[in-house]
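A short worksheet on the structure shown next.
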Amino acid sequence: AQSVTQLDSHVSVSEGTPVLLRCNYSSSYSPSLFWYVQHPNKGLQLLLKYTSAATLVKGINGFEAEFKKSETSFHLTKPSAHMSDAAEYFCVVSEEGGSEKLVFGKGTKLTVNP
Amino acid sequence: DAGVIQSPRHEVTEMGQEVTLRCKPISGHDYLFWYRQTMMRGLELLIYFNNNVPIDDSGMPEDRFSAKMPNASFSTLKIQPSEPRDSAVYFCASSLIGWEGLGNEQFFGPGTRLTVL
């Protein structure tokens, strides 16, 4: 069965420094992968999506992620953090077999310090 | 489109009372999902529908929980009777199967924060 592991439950960066949120996935087929963001007291919003068209995926607000099959990774990056990036980030994989179900990681809370 | 609409946004009730959460998916979407989010368990899928038909309810915690989708534009999640451990944020999401096939984006509502005293 597919799964995702977010390697850090909390990440803290200073404003203007790079962001790296790590995600490894487990899947027996070529998966669809997503990153969602949840700001405090809000719903989840899609940041970006990988569906095998290109290994480097660009999302909203300057975020991007690279799909690396050899490493089974899908890390999320941003060159320069803004205060508004403080939120919880979820790495997500689609369930195999044609199901519409998504499998969510446990989340990484990003703190951005002034 | 207004996005996925959920009501109420906040609900406070006493143990033993019936609670009904409501969701209006994005028009034209053919999948609807109910999730529960807590600090301890994270985000859990409770049930999902395709074209108003329940497909997988294996995440529904127990018989006190039930969900219906009487038409393409409305779904309810009911808890009867409610218990303090049901306190959580409940999200509704919808999606549309596209030409890419599996792995389609889900659009989330703002959630209902339920507190059971």
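The heavy atoms of B:ILE5 present about 80 square angstrom of accessible area, all protein chains included, probe 1.4 Å. The HN-Hα couplings worked out from phi for the range A:38-45 by the Karplus form 6.51 cos²θ - 1.76 cosθ + 1.60 (θ = phi - 60°) are 10, 7, x, 6, 10, x, 8, 10 Hz, whole numbers, x standing for Gly and Pro. Backbone geometry of the range A:51-62 corresponds, through the Karplus equation with coefficients 6.51, -1.76 and 1.60 at θ = phi - 60°, to 3J(HN,Hα) couplings of 9, 6, 6, 8, 6, 9, 10, 9, x, 7, 6, x Hz, x marking Gly and Pro.
For the residues A:THR17, B:THR112, a 1.4 Å probe over the protein chains yields an accessible-area ranking, largest first, of A:THR17, B:THR112.
Taking a sphere under 10 Å around the Cβ of B:PHE65 and counting the other residues whose Cβ falls inside, with K and R at +1 and D and E at -1, yields a net charge of -1. Evaluate the relative contact order of chain B (contact order divided by residue number), counting alpha-carbon pairs under 8 angstrom at least 6 apart; express in whole percent. Contact order relative to length: 36 percent. Full extension of the segment from A:GLN45 to A:LEU20, taken as 0.36 nm per residue of separation minus the current Cα-Cα distance, would add 7.1 nm. Taking a ≥ b ≥ c as the square roots of the eigenvalues of the alpha carbon gyration tensor, the range A:16-70 is prolate, as a/c is not under 1.5 and a/b beats b/c. Full extension of the chain between A:LYS106 and A:LEU7 gives 34.7 nm of extra length, using 0.36 nm per residue less the Cα-Cα distance. The figure for A:LEU56 is an accessible area of roughly 80 square angstrom, using a 1.4 Å probe on the protein chains alone. In the complete set of protein chains, residue-level accessible area for A:HIS10 is approximately 130 Å², probe 1.4 angstrom. Leaving ligands and nucleic acids aside, the A/B contact buries around 1800 square angstrom of accessible area in total at a 1.4 Å probe radius. Its Kirkwood hydrodynamic radius, worked out from the mean inverse distance over all distinct Cα pairs, puts the protein assembly as shown at 18.3 Å. Counting only other chain Cβ atoms within 10 Å of each residue's Cβ, the peptide A:42-51 averages 5.
The values are calculated or read from the model by the stated rules, or taken from the named source; none is laboratory data. For clarity, every value in this text was computed on a predicted model and none was experimentally measured. All Cβ positions, even for glycine, are placed from backbone atoms using ideal geometry, and neighbour counts span all protein chains on display. SASA here: full protein model, heavy atoms, side chains in, ligands and nucleic acids out. Shrake-Rupley method; radii C 1.70, N 1.55, O 1.52, S 1.80 Å.
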